[in-house]
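Structure, as structure tokens:
The values are calculated or read from the model by the stated rules, or taken from the named source; none is laboratory data. Computed from a prediction, not measured in an experiment: that's the story for all the values here. Cβ placement follows ideal geometry from the backbone for every residue including glycine, while neighbour counts extend to all protein chains displayed.
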Amino acid sequence: MLPTDLLMHRQNGEEIIPKRLKIDRGTSDLAIELINYFQSAVGKTQGVLERQLTDFEGDSTDYRVKRGLAYILKSSFCTFEVVSPLEPQMLRERVFSLAAKSVSSRESTQITLSKIADELTQELEREVLLEQVRNGLYADLSENKILTVFDAPTAPDLLNRYNLSQVQGVFYKASQLVLNAHRNVPGEYKLLFRYLKLFQLMAYIEGDADHGFTITIDGPTSLFNPSTRYGLAIAKLIPALLHVTKWSLSSILQTRDAYTNAWKTGRFTLNSECGLVSHYPPGKPYDSMLEASFADKWDALKSGWALEREVDLIPIPGSVMIPDFRLVHSDGRTFLLEIVGYWRPEYLQKKFSQVRRAGRDDLILAISERLNLEKAGVKLNDVPARIVWFKDKLLPKAVLAVMD
């Protein structure tokens, strides 16, 4: 994502309109030129690259666009590393300690560096050159780090990432976001809700998988102390949302007037027809090796029950529960299977609270024997679900037994 100083938004009344580049020949040529700069800088210092980029910006009026594209390339596609045969911090400590014993001069500096090189040659039992000491002193500064890897994107990929980053920047100052995820494939909902949890967003969820969900997310400026970090978390959710087929959102923003410094209200809307492209990977077929192993074993079992991965979601007031599998028999019977193998007490408390609030009679809980439920304060005597215990692997026959 882009830092605040590289965001380019305009306001039409209360409507916030972020800058978006057309993907045409002109912008593609610009992107290719920048990508070539980075490609040719592999093996060189970040300082050399920065100077080249400054010359490339020149005094053109679109310098912020160029700088924004370069920022994305640096932050998302580059690996800068400290390249030095000697540890820089150790070198500085030794050089500064020895230099403090003499009057500073060009000659004394040369003598100090030479002495350190000789000492390290003896200690390391290999030749350490004076130039290695000189070059290693500040090798860990940003400008001296070496561009070791550049995973070059295509021009459209870079431009799409830029447009997405401009839109994400809108949410840095959001006070509220209301997201309507219309009827979609259940697996898409599941991916979205997992990202909500991953980014620790405070969300209130209403609805169901048949009609869709309304998700209300409190923004960073609705908190007692507005948090840029929380705004970034909301912004990170947007690429995940792009994997959902049909959705719309509206947000209220709090921004400062550039001239009066007074707070003013803005509004921003977005929907699934926005044309933005996500760089997040689509959801994995399985969340863990345990789930994948169970599915493989089930497929080899001729039981009359089909195992489905894209399952229904169970609505709970203010939240939603997403079972791992659904089991469907040819005679119409169905069960939902949730595997509980995660150990954190907070997770276990929330999980079993969801099970109680769901009040389903078709839910099976597969619980790892390695979990310390007592320590987490979880009691199973009032859990309205069928229980299967497992150790390292969840066996299909154990699940079949509780269904029958």
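For the stretch 1-31, how many residues are in a helix (DSSP H, G or I) and surrounded by 13 or more Cβ atoms within 10 Å (Cβ to Cβ)?
First, pick out the residues of the stretch 1-31 that are in a helix (DSSP H, G or I): 4-6, 25-31.
Restricting the remaining residues to those that are surrounded by 13 or more Cβ atoms within 10 Å (Cβ to Cβ) gives 6, 27-28, 30-31.
Qualifying residue count for the region: 5.
Pull out all pairs, ordered by first then second residue, where Cβ-Cβ is under 7 Å, the residues are six or more apart or on different chains, the first lies in the stretch 172-200 and is part of a loop (DSSP other than H, G, I, E, B), and the second is surrounded by 15 or more Cβ atoms within 10 Å (Cβ to Cβ) and among the aromatic types (Phe, Trp, Tyr). Note: pairs meeting the criteria are 182/247. Taking the stretch 242-280 as the range and being among the basic types (Lys, Arg) and either touching a Gly at 6+ places or on another chain (Cβ under 9 Å) or assigned to a loop (DSSP other than H, G, I, E, B) (or both) as the test, the residues that pass are 246, 267.
Of all residues in the stretch 1-29, those that are closer than 17 Å to residue 256 by Cβ and free of Cβ contacts under 8 Å to residues at least 40 places away in the same chain have Cβ atoms under 6 Å from Cβ atoms of residues that are surrounded by 11 or more Cβ atoms within 10 Å (Cβ to Cβ) and not acidic (Asp, Glu), 6 or more apart or on another chain, in 10/17.
Tell me, yes or no, whether the stretch 35-53 has at least one residue that is part of a helix (DSSP H, G or I), among the hydroxyl-bearing types (Ser, Thr, Tyr) and either surrounded by 15 or more Cβ atoms within 10 Å (Cβ to Cβ) or not assigned by TED's automatic domain parsing to the domain that holds residue 21 (or both).
Within the stretch 35-53, the first condition is being part of a helix (DSSP H, G or I), and the residues that meet it are 35-40, 46-53.
With among the hydroxyl-bearing types (Ser, Thr, Tyr) added as a condition, the list becomes 37, 40.
So of that shortlist, the ones also either surrounded by 15 or more Cβ atoms within 10 Å (Cβ to Cβ) or not assigned by TED's automatic domain parsing to the domain that holds residue 21 (or both) come out as 37.
Yes, the stretch 35-53 has at least one match.
Checking each residue in the stretch 248-268 for being touching a strand residue (DSSP E or B) at 6+ places or on another chain (Cβ under 7 Å), loosely packed, with under 12 Cβ neighbours inside 10 Å and polar (S, T, N, Q) picks out only 265. Residue-level analysis places residue 152 among those that are farther than 30 Å from residue 256 by Cα and either within 23 Å of the chain's Cα centre (by Cα) or at pLDDT below 90 (or both). Looking at this structure, is residue 80 in a strand (DSSP E or B), more than 15 Å from residue 153 (Cα to Cα) and not small (Gly, Ala, Ser)? Yes. Condition check: outside any loop (DSSP other than H, G, I, E, B), under 15 Å from residue 326 (Cβ atoms) and either without any contact (Cβ under 8 Å) to a residue 24 or more places away in the chain or among the hydrophobic types (A, V, I, L, M, F, W, C) (or both). Does residue 401 satisfy that? Taking the combined requirement at face value, the residue does not satisfy it.
What residue, among those in the stretch 207-232 that are buried (at least 20 other Cβ atoms within 10 Å of the Cβ) and at pLDDT 75 or above, is farthest from residue 320 (Cα to Cα)? Ranking the candidates gives 231 first.
Looking across 102, 60, 108, one residue alone is assigned by TED's automatic domain parsing to the domain that holds residue 237, out of contact with any Asp or Glu (no Cβ under 8 Å at 6 or more places or on another chain) and small (Gly, Ala, Ser). It is 60. For the stretch 91-140, the candidate set comprises residues that are under 46 Å from the mean Cα position of the chain (by Cα) and hydroxyl-bearing (Ser, Thr, Tyr); within that set, the residue that is farthest from residue 43 (Cα to Cα) is 97.
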